[in-house]
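Here's the structure we're looking at; comments come further down.
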């Protein structure tokens, strides 16, 4: 099971929230969008900015001037340096589908299935030492560094 | 036969194929020449006051005796330059053996603030263009003028004459009280699109303030060298305000505005769009792609470097179809058409000399 890391307790990343963790030598942001968790590398493919510190904003499109389609079902991460928007679910850039963020599989799993899964390094808050103490009924967020998410691989979604 | 502009080369040596000149000018010889196209009320309005015509940017930028205003070879002894059809035929249409030429008259009607007089003078100029130029030479098609301070009056004039087969374009003076992309003008662009007319963004016009964004310049050299700023401001406005989303069929010609700035502007605009897209979410693709679909540029005046440098700029345009040949008759710029053609890839040359304008203006 190497490549899988426990990064947080699920209850501690509320909807709309995120954590930034270091796993396997890489900085990864884990985002809770609508109750689902998504992992993105903390490095903009454009110039290497700390991508996961950017604002998460809703989708915004328009058919003509003055009309706005504000889509809160879409979550876009904006790079703090140049404002490029990337879909949190797929890592895909809004303006150029060929430019995308590296994504990681994230799963939520029970404490009873964490046998042998290492904890992420430099995790903020109570998740370093205390995790050994948590109750078995808690659920944990696990990042898998081994492969990108399916949606990103097949190009589904936007 | 040689002509001014060709210098010592023959027309066929320069370019043996068809030629469409997308920017030749007609000058109103005198206000009185328009009287046959005005009602008695408006003729009296002029004569009672001793009024002799509008004063606009043309008077400021082109002093009458200057070689910029008219090449010496094209200056008639007894009339203002480019003021009758015979001169145009003799100087451009015949020696260049043009297939078609697009005639534009900048008479500064947009400078008038009297709303009814501006509309009346506009009608007179358009009717004069039809009767004394367009209807008299089948090679000519033309640009109609509009009373540019009043959107409702602009639309009325477009509907009045827009279906005349001789009119293919509407003159938008590049200097104006407002940026042309703004919402108040969208119905004007819709009227142009309805009549299948191209919007011709062209030298001329007056701003509500100084021509530059920082006051008046001191010298004509500044006027000529810095004018492209007015063009880039309007092009940026047309794109940003979503005019091409409102009117997906709209075509805009940028005339006398240069073109070498376009790729560099496009890089910057594309970059800004990537980061500030949410502000203008109707822009659903890169601004430079929108320009390639909706705009064409005349090559006079041309900002040319060495042949290699010019070839690089032409490559940066990213399309064989962006440029249209123009003499800018009777203005005198030292445009090296032979140098431009030599720098252009062979696939671009027939497009530049005729093909692009033929398709663009549906000639």
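Readers should treat all values here as calculations from the given coordinates under stated rules, not as data from a laboratory. As the structure is a prediction and not an experimental result, all values here were calculated from the model. All Cβ positions, glycine included, derive from the backbone under ideal geometry; neighbour counts span all protein chains shown.
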Cβ-derived FRET efficiency at R0 35 Å, residue B:334 paired with residue B:48, nearest 0.05: 0.20
Residues B:132, A:139 arranged by fewest to most Cβ contacts within 10 Å: A:139, B:132
Over segment B:182-329, equivalent-ellipsoid semi-axes from the Cα gyration tensor in Å: 24, 20, 17
Simple spin-label estimate for residue B:35 and residue B:113 in nanometres, 7 Å along Cα-Cβ: 2.9 nm
Spherically averaged projected area in nm², based on the convex hull that wraps the Cα atoms of the protein assembly as shown: 29.3 nm²
Residue of B:172, B:238, B:276 that the Gaussian network model of chain B assigns the largest fluctuation, springs spanning Cα pairs under 10 Å: B:276
Residue mean of other protein chain beta carbons inside 10 Å, B:277-287: 5
Segment B:152-211: C-alpha gyration tensor shape, a/c 1.5 cut-off, then a/b vs b/c: prolate
Burial ranking of peptide ranges B:87-93, B:50-56 (average Cβ count within 10 Å, highest at the top): B:87-93, B:50-56
Choice from B:75, B:97, B:160 with maximal GNM fluctuation in chain B (Cα, 10 Å cutoff): B:160
Distance between segment B:288-352 and segment B:235-280 - C-alpha centres, whole angstrom: 18 Å
Residues B:20, B:337, sorted so that the one with the fewest Cβ neighbours within 10 Å comes first: B:337, B:20
Relative contact order (%) - chain B, alpha-carbon pairs under 8 angstrom, separation at least six: 20 percent
Antiparallel bridge percentage (DSSP; both residues within segment B:17-360; nearest 5): 5 percent
Relative packing of B:102-108, A:75-81, which averages over residues the other C-beta atoms within 10 Å, highest first: B:102-108, A:75-81
q = 0.11, 0.14, 0.15 Å⁻¹, segment B:290-360: log10 I(q)/I(0) [Debye, one scatterer per Cα]: -0.24, -0.39, -0.45
Distance (nanometres) between label positions extended 7 Å along Cα→Cβ at residue A:22 and residue A:82: 2.7 nm
Inter-chain Cβ neighbour average for residues A:55-67, partner chain, 10 Å: 4
For A:87, B:335, A:69, order by how many other beta-carbon atoms lie within 10 Å, fewest first: A:69, B:335, A:87
Whole-angstrom gap from segment A:69-110 to segment B:23-66, using each part's C-alpha centre: 60 Å
Alpha-carbon radius of gyration plus Dmax, which is the widest Cα pair, for chain B in Å: 19.6, 59
Per-residue average of Cβ from other chains inside 10 Å of B:265-276: 2
